[in-house]
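Undergrad: Next up is a structure, given as C-alpha cells.
The values are calculated or read from the model by the stated rules, or taken from the named source; none is laboratory data. Remember, it's a predicted structure, so these values are computed and weren't measured experimentally. Here the Cβ positions follow ideal geometry from the backbone for every residue, glycine too, while neighbour counts run over all protein chains shown.
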Amino acid sequence: MRWATGAMAFGILALVGILSNSYILSLLTIVLLFTFMGQSWNLMLGIGGQLSIGHALFVGLGAYSVAVLYIKYGISPWIGLFVGMVIAGAVGAVLAWLSFRFEVRGIYFALLTIAAAEFARIMFSGWEFVGAMQGLFFPAPSGNVELSMLRGGARFYYFVALALAAIGVAGTEIISRSYFGYVWRAMRDDDEAARALGVRTFRHKILVISISAASAAAGGGILALVQGAIFPDSIMGMGISVDVLIGPIVGGLGTAFGPLVGSLVAIPLNHLMSGLGDTLGIPGLNNITYGIILILVVWFLPDGIWPAIVRRYQAIKESASSWPLKLRKAEE
C-alpha cells in the first residue's frame, strides 16, 4: 500500500513537471531538493535520534565540492557529487566520533553541529581559492541537456530533483524496516537499554550521522547547480539548516513521506510570505511565518501532518468497513 501511494504521488509530481511553467518548476525543484535533504536530517534525528542544527555544513561541503571541481578544473559534477559525499561523510563521522567519544550528547551535540557549520562558513568566507565572499559562479547553461555534466534547463533539474526525492523517500522506507532501522530506533528511544542488549551504539551513531551527512551533501551539490552560484552565507548559513529541518518537523518526523509533505507546505509558503513581506515593507515576514507554522504544528499536530493524514484515512477506512455490520444490525 505504501509503495503504491508513493508511486501515485511521484507519478502526479512527474505530470506536474511536464505541464508546469518555469516558475512553478523552479519552486518545486527547491521543494524536492529540500525534501531529499530533509530526509537526511530525518534519518539522523527521526530514526537515529541524533539532533543536528548545523546541517548546512554538509550541504555546503557538497555544493563547494561540485562547484570547485567543475568551475576550476572542468570536472563533471557527477565526480563532484561523489567527492562531496565522501568529504561530508568523513566530516560527519569525525564530528560524531569526537562528540560521543567525550560523551557530548543531546543538545550539546546539536550546539557542536552549529559551531562546526559556523566555523566552516567563516573559513570559506575568507578562503580566496573557493571565491571567499564573492562566491563561485557556474557558466551559463547552453539550454541543451548535457547529462554527463548534469547541465540543462529548469525542467531537467526538476526531474533530477524529483528522482532524488523519490530515492530519499524509498531509502527512508527501506532503512526504517531494515535491521539498521530497528537498531537505530532502539538507540533513539533508549540508548542505555540498546547498549545493554548488545547494540554497539557508538558505531551506529557514527554510521547514521555519516550517511546523513553524505546524502545532505548530494542534495547540496545539485542545489548549487540549480542556483548557478554559491556564497558562504547562502549555502552554509543558518537559514539552510532551518529549511532542511522544517520539512520533517512539519510533515512528520521519522516517517518516509513527512519531509515531502512538510516541504510542500512550508517552502512555497515561505516564498509567498517573503514576497509579501517585500511588498508590504515587513522584513523577515517569512521567518515569522516559519515560527507560526512550528507553533501550530507542535500545538495541534505534534506528530506532523502526514501521521495525522494516515490516522484520518485509517479512521475513514474502519468506519466504511463497519457500515455493512451496522446496516445488518439495523435491519434486525
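Undergrad: What is the residue count in region 105-151 for residues that are more than 23 Å from the chain's Cα centre (by Cα) and of a type in the set (G, A, S)?
TA: 9
Undergrad: Given the criteria over 22 Å from the mean Cα position of the chain (by Cα), of a type in the set (A, V, I, L, M) and closer than 25 Å to Q227 by Cα, does I71 qualify? Let's see the steps before the verdict.
TA: Numbers: over 22 Å from the mean Cα position of the chain (by Cα): yes; of a type in the set (A, V, I, L, M): yes; closer than 25 Å to Q227 by Cα: yes.
Spelling it out, I71 is indeed over 22 Å from the mean Cα position of the chain (by Cα), of a type in the set (A, V, I, L, M) and closer than 25 Å to Q227 by Cα.
Undergrad: Out of (1) under 14 Å from L245 (Cβ atoms); (2) hydroxyl-bearing (S, T, Y); (3) at pLDDT below 85, the odd one out for S263 is which?
TA: Answer for S263: the failing condition is (3).
Undergrad: Within region 115-126, is there a residue that is at pLDDT below 90 and touching a Leu at 6+ places or on another chain (Cβ under 8 Å)?
TA: Going residue by residue through region 115-126, those that are at pLDDT below 90 are none.
Within region 115-126, not a single residue is at pLDDT below 90 and touching a Leu at 6+ places or on another chain (Cβ under 8 Å).
Undergrad: Another question about this same structure. Counting only residues that are out of contact with any Leu (no Cβ under 7 Å at 6 or more places or on another chain) and among the small types (G, A, S), which one in region 275-309 is modelled with the lowest pLDDT?
TA: G284
Undergrad: Quick one: in region 138-150, of everything that is surrounded by 13 or more Cβ atoms within 10 Å (Cβ to Cβ) and in contact (Cβ under 8 Å) with a residue 12 or more places away in the chain, which residue is nearest to L43 (Cα to Cα)?
TA: Across region 138-150, the extreme among qualifying residues is L150.
Undergrad: Does Y313 count as among the aromatic types (F, W, Y), at pLDDT below 90 and under 25 Å from A161 (Cα atoms)?
TA: Values: among the aromatic types (F, W, Y): yes; at pLDDT below 90: yes; under 25 Å from A161 (Cα atoms): no.
When the stated conditions are applied, Y313 does not pass them.
Undergrad: Give the number of residues within region 68-110 that are of a type in the set (A, V, I, L, M) and touching a residue at least 24 places away in the same chain (Cβ under 8 Å). Give the derivation first.
TA: Step one: list which residues in region 68-110 are of a type in the set (A, V, I, L, M), which gives 68-69, 71, 75, 79, 81, 83, 85-88, 90-91, 93-96, 98, 104, 107, 110.
From what is left, the residues that are touching a residue at least 24 places away in the same chain (Cβ under 8 Å) are 68, 71, 81, 85-88, 90-91, 93, 95-96, 107, 110.
The total comes to 14.
Undergrad: Next question. Which condition number does F58 fail, the rest of (1) in contact with a Gly (Cβ under 6 Å, 6 or more places away or on another chain); (2) of a type in the set (A, V, I, L, M, F, W, C); (3) closer than 13 Å to L245 by Cβ being met?
TA: Exception for F58: condition (1).
Undergrad: Just a yes or no: is a residue in region 85-101 out of contact with any Lys or Arg (no Cβ under 6 Å at 6 or more places or on another chain), surrounded by fewer than 22 Cβ atoms within 10 Å (Cβ to Cβ) and on the phi > 0 side of the Ramachandran plot?
TA: No, that holds for no residue.
Undergrad: I need the full set of residues from region 157-186 which are assigned to a helix (DSSP H, G or I), free of Cβ contacts under 8 Å to residues at least 12 places away in the same chain and under 20 Å from the mean Cα position of the chain (by Cα), in order please. Give the derivation first.
TA: The initial filter retains those residues of region 157-186 that are assigned to a helix (DSSP H, G or I), namely 157-176, 179-186.
Going one step further and asking which of them are free of Cβ contacts under 8 Å to residues at least 12 places away in the same chain, we end up with 163, 174, 179, 182.
Within region 157-186, A163, I174 meet the criteria.
Undergrad: Between a residue in region 1-28 that is hydroxyl-bearing (S, T, Y) and any residue that is part of a helix (DSSP H, G or I), which pairs come within a Cβ distance under 6 Å, given they are 6 or more apart or on different chains?
TA: S22/A154; S26/A154
Undergrad: Could I ask something else about it? Out of G46, G74, report the one residue that is buried (at least 20 other Cβ atoms within 10 Å of the Cβ), over 16 Å from A214 (Cβ atoms) and at pLDDT below 95. Can you show your working first?
TA: Working: G74 fails: buried (at least 20 other Cβ atoms within 10 Å of the Cβ).
On inspection, the qualifying residue turns out to be G46.
Undergrad: Suppose the filter is surrounded by fewer than 19 Cβ atoms within 10 Å (Cβ to Cβ), at pLDDT below 90, of a type outside the set (A, V, I, L, M, F, W, C) and touching a helix residue (DSSP H, G or I) at 6+ places or on another chain (Cβ under 9 Å); does G153 pass it?
TA: Numbers: surrounded by fewer than 19 Cβ atoms within 10 Å (Cβ to Cβ): yes; at pLDDT below 90: yes; of a type outside the set (A, V, I, L, M, F, W, C): yes; touching a helix residue (DSSP H, G or I) at 6+ places or on another chain (Cβ under 9 Å): yes.
Yes: the conditions hold for G153.
Undergrad: May I pose another question? What is the one condition in (1) in a helix (DSSP H, G or I); (2) of a type outside the set (S, T, N, Q); (3) modelled with pLDDT under 95 that A67 does not satisfy?
TA: Failing condition for A67: (3).
Undergrad: So is I222 under 27 Å from A96 (Cα atoms), assigned to a helix (DSSP H, G or I) and under 12 Å from the mean Cα position of the chain (by Cα) or not?
TA: Numbers: under 27 Å from A96 (Cα atoms): yes; assigned to a helix (DSSP H, G or I): yes; under 12 Å from the mean Cα position of the chain (by Cα): no.
In short, no.
Undergrad: Mind checking which residues of region 5-39 are closer than 26 Å to S212 by Cα and at pLDDT below 90?
TA: Residues satisfying the conditions are T5, G6, A7, A9.
Table: residues versus (1) surrounded by 12 or more Cβ atoms within 10 Å (Cβ to Cβ); (2) assigned to a helix (DSSP H, G or I); (3) not hydroxyl-bearing (S, T, Y).
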site: N270; (1), (2), (3): yes, yes, yes
site: M273; (1), (2), (3): yes, yes, yes
site: T279; (1), (2), (3): no, yes, no
site: I295; (1), (2), (3): no, yes, yes
site: I309; (1), (2), (3): yes, yes, yes
site: R312; (1), (2), (3): no, yes, yes
site: E318; (1), (2), (3): no, yes, yes
